[in-house]
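Quick notes on the structure that follows.
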Amino acid sequence: MENRPDELVKRIHELKKERNAVILAHNYQPADIQDMADFVGDSLELSQKAASTPAAVIVFCGVHFMAETASILSPHKKVLLPESSAGCPMADMVTAEKLRARKKELPNAVVVTYINSSAAVKAESDICCTSANAPQVVASLPDEEILFVPDKYLGQYVASKVPDKKYTFWPGFCPVHKGIKAAAVLKIKNAYPGAKVAVHPECRPEVIALADEVLSTGGMCRYAGRPDVNQVIVVTETGIIHRLQKENPQKQFIPVSDTAVCRTMKSITLEKVLHSLETLTPEVKVPEDIRLKAIGAVNRMLQII
Ligand code: 13P
Ligand code: SF4
């Protein structure tokens, strides 16, 4: 017989105490996971939480690179990813080997790597960034030449904000955000002419051009709370609508598309979280040699913002 959701949540909370665990969830997670988690946030906020939590176990409701980042920052904690196959297709578009080869072709370039990347790729990088701080990170660098990895759209957005650099973009992208077309945004804008348009910087440039605000998912949550903001067209993965609506019940949030869904983000379930806490698996542990190389790039970012 299947367990009822409220029974699963009760058991998760009991086990969480016994295990001295904290449950972190990304803003794209399913609604029941967000509601059960201790903390919901964007990639930057979640890395900061992973670095500072006193808990012994981190249950990461997100995708593989996020759990790896937690393991890089908190090597003595057990980091669990309730669905071991929950990856990020964009992160898989670059490997350490290919990056090493590209670096040889661009010996003067500083490697700025989006946090949506494997630990092995971070280990080959000079500094990391997230969608919340990418222009700030690049602007802080004295170097002129930038190799931006792996999201070409985020890289192009950064270049529009920090134009006095020479950029090379890795040809990666997020399939979910790439699938959002300008025509779809324009159609909704016509239907809701008074609404503000909040766009994630993983979107195509022609979609970003339609934005009132370009924001990380955490930035969107803060923007939605502003007293002058009442109706927002939300141009990112649909999972964030749950949090926006929950925190601002009197406001209206219109998803750009019901099909902007990240399948791997949605592969985490309450059953899998409970199973993780029961068995303390599947664990994500970055090998120490890679961790030691990767932590420099992550910490360099965390020191800037
Ligand atoms: P943020 O939540 O950091 O904006 O990132 C979006 C994303 O695609 C995470 O995979
Ligand atoms: Fe990766 Fe895009 Fe899914 Fe984020 S939404 S985890 S970038 S595929």
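Within the stretch 244-271, being under 19 Å from Lys196 (Cβ atoms), hydrophobic (A, V, I, L, M, F, W, C) and either more than 16 Å from ligand 2 (Cβ to nearest atom) or without any contact (Cβ under 8 Å) to a residue 12 or more places away in the chain (or both) holds for Leu244, Phe253, Ile254. Asn3: polar (S, T, N, Q), out of contact with any Ser or Thr (no Cβ under 8 Å at 6 or more places or on another chain) and at pLDDT 95 or above, yes or no? Against the criterion (polar (S, T, N, Q), out of contact with any Ser or Thr (no Cβ under 8 Å at 6 or more places or on another chain) and at pLDDT 95 or above), Asn3 does not qualify.
Counting only residues that are part of a loop (DSSP other than H, G, I, E, B) and touching a Lys or Arg at 6+ places or on another chain (Cβ under 9 Å), which one in the stretch 173-210 is farthest from ligand 1 (Cβ to nearest atom)?
Looking at the filtered set, the residue picked out is Ala195.
Considering only residues that are more than 16 Å from ligand 1 (Cβ to nearest atom) and crowded, with 18+ Cβ neighbours inside 10 Å, which ones fall in the stretch 254-279? Of everything in the stretch 254-279, those that are more than 16 Å from ligand 1 (Cβ to nearest atom) and crowded, with 18+ Cβ neighbours inside 10 Å turn out to be Leu270, Lys272, Val273, Leu274, Ser276, Leu277. May I ask you to verify whether Ile241 is within 15 Å of Thr259 (Cβ to Cβ), touching a residue at least 12 places away in the same chain (Cβ under 8 Å), within 16 Å of ligand 2 (Cβ to nearest atom) and in contact with a strand residue (DSSP E or B) (Cβ under 7 Å, 6 or more places away or on another chain)? Considered against the rule, which asks whether it is within 15 Å of Thr259 (Cβ to Cβ), touching a residue at least 12 places away in the same chain (Cβ under 8 Å), within 16 Å of ligand 2 (Cβ to nearest atom) and in contact with a strand residue (DSSP E or B) (Cβ under 7 Å, 6 or more places away or on another chain), Ile241 comes out as yes. Being of a type outside the set (Val, Ile, Thr), more than 12 Å from ligand 1 (Cβ to nearest atom), surrounded by fewer than 21 Cβ atoms within 10 Å (Cβ to Cβ) and in a helix (DSSP H, G or I) is true of Glu14.
The values are calculated or read from the model by the stated rules, or taken from the named source; none is laboratory data. All figures in this text were calculated on a predicted structure; none of them were measured in a lab. Neighbour counts run over all protein chains shown; Cβ positions are idealised from the backbone, glycine included.
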